[in-house]
Amino acid sequence: MGHHPLFNLVVHSLLVGIVMGTHGLQGAEPVAPVRFRQLGVPAGLYQYVSGAWGVVGVEIVNAEDQPVDVLAACAFSPDPDIQFARRVGLPPRTKRRTWIPVQLPKISPDRESIPCFGLLIDDRSGREVVLRREQEGVQHTGLLRVNHDRPLSGFFSDETKQVRWGEVDYAYEAAIAYRTSRGFQRRMVPIQVRDLPPLPELLDGLDQIVLWNDRFASDVAILGPLRKWLHNGGELWVMLDRVELVNVEKLLGQAFTCQLVDRVELHEVTIRDEQSDHSATSTVAYEQPVNFVRVLVDDMHVTHTVDGWPAAFECSVGRGRALFTALDARAWIEEPRMARPYWDTTRMSDYWPNEHLDSLTLLQNDRPPLGQPSMFRDYLFERIGYRIASRSSVTTLLGLFCGALLLAGVGLAWRRRLEHFAWIAPLLAVAATIPLAALGLQAQRAVPATVGQAQLLEVSDGADQVLASGLLAFYDPAMTQPVCGALRGGVFQPEENAMGGTMRRMVWSDLDRWHWDNLRPTAGLWTADFQWSDDLNQRLAVQGTFSEQGFVARWVDQPLPLTDIVIALPGQPCLAMREDRTELVAGPGDVLPPGRYVGSGWLSDEQRRRQVALAKMLGPSSASRQHVQRPLLLGWGDPLELDFQFPASAQPVGTALWAIPLKIQPARPGTSVVIPSPFVELRVTSMVDGQGASPLYDHRRGQWIASKSASEVWLHFQVPAAVLPLDVDRVRLTLQMTAPGRTIEIRCMRDQQIQQLARIQNPIGVIAVPLSGDSLPPMETQGRLTIGLVISGIQDQTGTVAEQLWEIERVQLEIAGKVGSGLDL
C-alpha cells in the first residue's frame, strides 16, 4: 500500500537531518584541553579610571593530565604598542581564577567604556600558540566601564552587616552630602575585601577612601596596598566613632599619634571651629545620643573640638593626608531647610553638611611628587651615554687632510694640471673619513653598557616608609634586546619614542615580580620614569630645636650618610646645614641666596649637576615648589637598592635625593635662641586703614610681583610655635630690591599709632636693617610681628609721576630672643 506524499516528505527530511547531524558531530572541533572561561573581564574594584592602574580577571581551565604554564595577555587595542600579561601555572585537571594588572590609556570623557582584547598563549614549545575558546576567534573582547567622576571616593563594604528596612546609615549619608555639596556625583565605589588582590596598583584610581567600619583590617594583605596608596597621595577619612583605634594603628603605624581615653554618648553637642576666630558655637540636642570618642592627639592639626576634646583633626602621611572625625556622623549633617531646584546637585542626597563639616578640607588632596622625573634627565645624560673621540685626534686628522689638500693644490697648479684636483680631493676626503669613522666606532665601543638611576626618596611622616620616584637610563652600544623588570615591586615604562613603535609586553609572574618582553630599543640610550615604595628597615627621622647657634638637629636613630644637606621651607630660600660632630647645624649665616641649593662656594661637577636638578624642583618657575608644605631635610646619597632587573653586564651609576620631614621640638624655657629667617613664615595682611591685602606677594611660591606705582605692603612674620612665648631682643630685616630713585619706609603699629622704624632712599641691592630696643615691632597675638613697607612714587622735573618699574626680590626677618616660661600670649 502506498504512503501519502506528505508522509514520504517528512520521512525524507528526518533521514537527511540525521545524516547531516552525524556529519556535523564528526566534524565538530573538540573542546580544547587548555582554554579560558573568562579573559579580561572586570575585577577588583570593578571601576576603571583613565590613565590609572587596575586589574582584570582571568579564569583558565586545564583539562590535561599534566601541569601547564600559559600566558594570559590583555591590551586595549587590536594592534597594541603595549600588552599586560600574567604567567599562570595550573596543576593537572584544575581551573584557576587570577588577575592581570593593567594601566588604562588616556580616555576621552565622552567614552563610558573601553574594549579589552584578551589572548591566551601557550609558549611551551618555544613559539607562541594562541589558545581559543570554542567557536571563538583568536582574540576575546570584553568591555570595561570607565568612571570619569573625579575625585572618586570609595568605602569598604561590610557584607556581614544586615541593614534593616528604613535604617539610615549616617556615615554613608555624611560622605554623600559632602560630595554633592561640592558639585560631585554621589556615586561611591564599594570595595569588597574578598575580591581584592593585594596590589598597590589596585587602588590607583581612587582619590579618597572613607573608613566607617573595620573591614579594611580583616585581611592583613590589604593593609600594605592601602598604606602605600595613602603614602602615594591618597586621602583617608576615618570615622573613629565606628573604627577601632588599634586597627588604625595597624594601618598608619608611627604616623598615628593618637591615644584613646574613652567612648561616651552625648545628648547635646557644641562643636567649636578652632580655625576661625568667629566660630559659631550653637548647641544641638539629640533625642538619641550621639557617640563621641575622646582622644589625646600629638603632632596633629586639630580643626574642631567638643568640650575641649578633639572632634576633627588631620595629619600628613607621605604625599597623602588623613582626616579623623571622632564624633558621630549625625552631628556633621542636617536635613535641608529649604526646597532645592532640580538642577542643584545636592538634591541627590537627603542631607546637607552642616557648617562644621562644610569647613573641613576633604576631596582636595593633590600632592604629586616633590619633583618630576625630568629634573634628573640632564644629570643622567652627563653620567652615561656616548663618548666622542678626543679633540686632539680629530684636530690632527682634519689638519692633515687640509694640509694634503693644500699641497695637492699647490703641486697641481705648479704643474698646471689642476683638472686632476677633481678626483684627488674626494680621494683625500675618503682617506680622512676612514680613520675618523674608526675613531668614532672605537670611542662608542669604549663605553660599556650602563644603567643609571636618579632617585627622589620621600620618607613618610611616620619615618617607616619610603616612596621612590625618578628616572632610569639604560645605555647599550650594541642595542640588544635587554632583560628588564622588577623583583620587589615598583613599575617603570620605557619611553615610547625609543621603542620604535614595536609591541612590548609587561609580564607579571608574582605579586611584585614582573619583566618586560619584546623590548627592542631603536636608540642606544633610552630612559624610563619609575615609581616604587616599601617599608624601611629602620626609622629615618630628624628632629631639632632652636638655640643660640640657630637650628640644631640630630638623627633620631641611625644616621644616614648624606652630603650637600639643605632645609627647604614653604615659600622661603633654602638653608644649608653643616655637620658638627653628631649634630646638624644651620645658623643665620647659612641662608642661601635665591636660586642657590648647594651650600659650597665653589661647585664641583657633581655639585653643579645637583644644583641644576634642585633648581628644576625648587626654582621659582617650578610647579613643585608649592608642594613643599612643611620643613624638609634634603640631602644627597647613594641610590637605594630597588631590585630593578637589568642585564648583569651593565655597570650601575646613579644618585639619590632624600626628602625627610623635619620635626621641630619645643625649646626649653629660658633658652636664648636665634631663629634663621627661613623659619619665619611670611604672609601679606590687610592694611592698617582696613583696606585689603596687597597683591604684590604670592606666599605659595614665595614670589614678589614687580610694580610701577607707589605701593604699601603690610606683612605678618610668624614666629615658630616651638619658641613661643618669646621675649624678642632684636630682629634683623633683610630686603633685596631694585627701586632706583624711590624711598622705602619701614613701619609698625604701636598703641594704635603708625611708627616709622627706618627710612631708606634709593634702595638697590641687599639692605640689612637691624631693629632693637624702641624700634622693635611689638609681639602680637599668636606670636606675630607686623611690619609695613611703604614705597614712594617718582616724579620727574616737571612734577609728572614717572612709571618706572621697581621690584622686591626677597624680604626676610631674623629674630633673636629668649623663650618664656609659659604661654602668656
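The values are calculated or read from the model by the stated rules, or taken from the named source; none is laboratory data. No experiment lies behind these values; they were computed from the predicted model shown. With ideal geometry, Cβ positions are generated from the backbone for all residues, glycine too; neighbour counts draw on all protein chains shown. Just so you know, the surface numbers come from the protein's heavy atoms only, side chains and all, with ligands and any DNA or RNA stripped out. Shrake-Rupley method; radii C 1.70, N 1.55, O 1.52, S 1.80 Å.
Just a few scattered comments:
- Of the listed residues Asp535, Asp262, the order by accessible area with a 1.4 Å probe, largest first, is Asp535, Asp262.
- Efficiency of FRET between Thr563 and Thr283 - r from beta-carbon atoms, R0 56 angstrom, step 0.05: 0.45
- Calculated FRET value between Arg608 and Asp698, using beta carbons and R₀ = 30 Å, to 0.05: 0.55
- The mean sequence distance of close C-alpha pairs (under 8 Å, at least 6 residues apart), as a share of the length of region 612-683, puts its relative contact order at 29 percent.
- Heavy atoms of Cys74 accessible to a 1.4 Å probe, total area in Å² rounded to 10: 0 Å²
- Evaluated with a Cβ-only charge set (Lys, Arg +1; Asp, Glu -1), region 560-657 carries a dipole of roughly 460 debye about its Cα centre, given to the nearest 20.
- Gain upon complete extension [Thr270, Thr671; 0.36 nm per residue less C-alpha separation]: 140.4 nm
- When you restrict to C-alpha pairs under 8 Å that are six or more residues apart and normalise by the size of the chain, the relative contact order lands at 8 percent.
- Solvent-accessible area of Glu579 with every protein chain in place, 1.4 Å probe, in Å² to the nearest 10: 130 Å²
- When each of the peptides 121-128, 78-85 is scored by how many other beta carbons lie within 10 Å of its residues on average, the order from highest to lowest is 78-85, 121-128.
- Modelled spin labels at Thr582 and Gln538, positioned 7 Å past Cα toward Cβ, are 1.4 nm from each other.
- The relative contact order of region 163-233, computed from alpha carbon pairs under 8 Å that lie at least 6 residues apart in sequence, is 29 percent.
- Once semi-axes √(5λ) of the Cα gyration tensor in Å is calculated for the structure shown, the corresponding label among (i) 45, 36, 23; (ii) 72, 35, 32; (iii) 56, 48, 25 turns out to be (iii).
- Charges were assigned to the Cβ only: +1 to each Lys and Arg, -1 to each Asp and Glu. The resulting dipole of the chain about its Cα centre is roughly 2840 debye.
- With DNA, RNA and ligands ignored, accessible area of Val483 (1.4 Å probe; Å², nearest 10): 80 Å²
- Length gained on full extension, Leu418 to Glu807: 133.2 nm, using 0.36 nm per residue less the C-alpha separation.
- With all protein chains kept in place, the per residue accessible area of the chain amounts to 49 square angstrom at a probe of 1.4 angstrom.
- Amide H partners (placed H, <5 Å) of Thr303, local residues excluded: Ala312, Phe313, Glu314
- Around the amide H of Gly318, modelled in the peptide plane, lie the amide H atoms of Asp461, Gly462, all under 5 Å away and 5 or more residues distant in sequence or on another chain.
- Calculated FRET efficiency, Thr361 to Gln481, Cβ-Cβ distance, R0 = 56 Å: about 0.70 to the nearest 0.05.
- Charge dipole of region 46-128 (Cα centre as origin; +1 on each Lys and Arg Cβ, -1 on each Asp and Glu Cβ, all else neutral): 280 debye, rounded to the nearest 20.
- Heavy-atom accessible surface of the chain: percent carbon and sulfur, 1.4 Å: 51 percent
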